[in-house]
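One structure below.
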């Protein structure tokens, strides 16, 4: 690796999948103002994910509709036939 180009401020962060509620602890440089109490009794910053490997159809083998923030409704409303 090249010296001096990689961040050195890695810390433990909880990533939470909002579609199924699954969470995992990892190291990251991502910033967050929210915190969560983890299984070990410590408080960590939490990063909310729309989709992760526990809910993505490629990894689960199941087809499921992920409608984030009403995208389908917005699309239908935008392209609906006008009378």
Problem - Selection count where residues are part of a loop (DSSP other than H, G, I, E, B) and under 20 Å from residue 50 (Cβ atoms), scope segment 2-28 - result: 5
Handout entry: Meets criteria (surrounded by 13 or more Cβ atoms within 10 Å (Cβ to Cβ) and at pLDDT below 90) for residue 28
Key = no
Exercise for the section: Have a look at 48, 77 and point out the one that is part of a helix (DSSP H, G or I) and either at pLDDT 90 or above or exposed (fewer than 10 other Cβ atoms within 10 Å of the Cβ) (or both). Expected result: 77
Exercise for the section: State all residues of segment 1-46 that are out of contact with any strand residue (DSSP E or B) (no Cβ under 9 Å at 6 or more places or on another chain) and either within 30 Å of residue 70 (Cα to Cα) or touching a residue at least 12 places away in the same chain (Cβ under 8 Å) (or both); if no residue qualifies, say none. Expected result: 7, 9, 20, 21
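The values are calculated or read from the model by the stated rules, or taken from the named source; none is laboratory data. Not measured: the values here are computed from a predicted model. Virtual Cβ from ideal backbone geometry, glycine too; neighbours counted across all protein chains shown.
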